[in-house]
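Bear in mind these aren't lab numbers, they're just calculated from the coordinates by the rules spelled out. Since the structure is predicted, the reported quantities are computational estimates derived from the model, not experimental observations. A quick note on method: Cβ atoms are made from the backbone with ideal geometry, for glycine too, and the neighbour counts reach across all protein chains shown.
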Amino acid sequence: MEMGWRWDFAYEILPQMLWATLNTIIAAGVGYAIALVVGLFFLLGQRTPSKIINFINREIVEFIRSTPLLIQLFFVYFVLPQFGIKLSAWLCGMITIGLHFGTYLSEVYRGALEGVPKTQWEACRALNFSTVYTYRRIVLPQAFPIAIPGMGNYLVGIFKDTPLLSTIGVAELFHAATAVGGYNYRYLEPYTMVGIIFLILSVPAAMWVRRLEARVNVAQGKIKQ
Amino acid sequence: MSYFAFLAEHGTTLLLGTVTTIKVLVCSIILYVIISMIFGLMRLSKNPIIQGTATVYIEFFRGTSLLVQLFWAYYVLPFFGISLEAFTAGVAALGLNFGAYGAEIVRGGILAVPKGQWEAAHALNFSPAKRIKRIIIPQIFPIILPPAANLTVELLKATALVALVTVVDLTFEAKQINSITWLSAQCFGTALLIYYFMSRFALVPFLRWLEVLAAKKVGRGKV
């Protein structure tokens, strides 16, 4: 076995890796879309007046947040078939990522809603706006900018957690690297290329989120003046 | 097979795995705390080389996925003649990855200490080492402990990944039992519960206690 980096091998597997990158991006995008919606449901559970629902919701969120995503993936992938629900690895992965990060996003939403000053609510009440109208025209437009940085962070977070999907057989980038590496018995180039591809995609994304955050902070400051 | 029969048969294996998980956790906490202190301070250095090194390190480890780093440490380093044991590779990857996140927390904490404190220490002719040790560090603890606590809980969850580089921890054992018995609900469910209890009833209360302790210490100092 030849030691050291081999450019010809790296070049040979590059197309395969790039195709798999596309799958990773799709997985992150779909998982994120599901998480955005799931987060709304957890938020709803948090804000209903019923104390029992609040309690159950909080415990579920706490449980999902304090257990590893990896075992949750295994749980969904291996346990659902025992109850006669047969889902593809892709679907299992998307559901699990959606649930896991949905709990985090619900916290982002909550923080954003609480970031809207209470006086805004009181003013709407005084003007006799309906609750729906208050949310739609007054509260949500103000809460959304506050939520943007957190939402961006979790998009990057989901992207970096997609390699876990390879453990249940989703054919994303890391899975492709393992397969190529196993086939040729060379792991140096595939895994290094995965790292580089992740860097190329996630560092600019993270920088963009930080810029957004700064801009939102400035905008928030302006509102206060 | 009832759940209790399952526990009687495989409970010990899972517990042994839990012990390994705790070992991984403790070792990587120690490593990540040290690394975040060092790189957090380096980030604030005025020397562009030191600061640049820290920035590259942080961006690199935050930008690539933890799983990729783990596999790199375990499967790729041997190509360079460095063969690490699975446990060492796992702890190293966890420590380096979380150290990068921790360094940013430390940096934020140091910046949050009012500038007047530095100036006052300077005016009193404290040596740089004493300034850091006696004035700044006691004040940054209450600031950095809450975010560091969140990070540590994330670390507990991330230790599950070392199972994928053949460290025989809780996740590894659960997977093993699953492949022998196919009692997926029982073994993965139990593993989930153990992680949950470790986090909720051991790690989080301990970290809260530390937070209260740190806050008290500074509060007493102020009076």
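Quick rundown of the values:
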read-out: Whole-Hz ³J(HN,Hα) from phi, Karplus 6.51 cos²θ - 1.76 cosθ + 1.60, for the stretch A:154-163, glycine and proline x; value: 6, 4, 5, x, 4, 4, 6, 9, 4, x
read-out: Cα gyration tensor category, rounded, prolate or oblate, for chain A with a/c compared to 1.5; value: oblate
read-out: Ranked list, fewest to most other Cβ atoms within 10 Å of each Cβ, for A:Trp7, B:Trp182; value: A:Trp7, B:Trp182
read-out: Unit charges on C-beta of K, R, D, E only; dipole of the stretch A:7-224, Debye; value: 1060 debye
read-out: With Cα atoms, 0 to 90° folded angle of helix B:184-198 axis to chain B main axis; value: 30 degrees
read-out: Nearest-ten-degree value, helix A:51-65 long axis tilted from longest Cα axis of chain A; value: 20 degrees
read-out: In sequence order, calculated HN-Hα J values of the stretch A:168-178 (Karplus, 6.51, -1.76, 1.60; Hz; x Gly/Pro); value: 9, x, 7, 7, 9, 4, 5, 4, 4, 5, 5
read-out: Dmax and Rg, reported as Rg then Dmax, of the stretch B:1-86 (C-alpha, Å); value: 19.5, 65
read-out: Sorted by Cβ density within 10 Å, fewest first, the residues A:Asp8, A:Asp161, B:Asp169; value: A:Asp8, A:Asp161, B:Asp169
read-out: Folded to 0 to 90 degrees: helix A:188-224 orientation relative to chain A principal axis, Cα; value: 10 degrees
read-out: Against the rule of thumb 2.2 N^0.38 Å, how large the Cα Rg of the stretch B:104-199 comes out; value: 1.77
read-out: Violating pairs (Cα-Cα greater than 31 angstrom) within the set B:Lys130/B:Lys216; A:Lys51/A:Lys118; A:Lys51/B:Lys216; value: A:Lys51/B:Lys216
read-out: Hydrodynamic radius of the protein assembly as shown per Kirkwood, over alpha carbon pairs, in Å; value: 24.1 Å
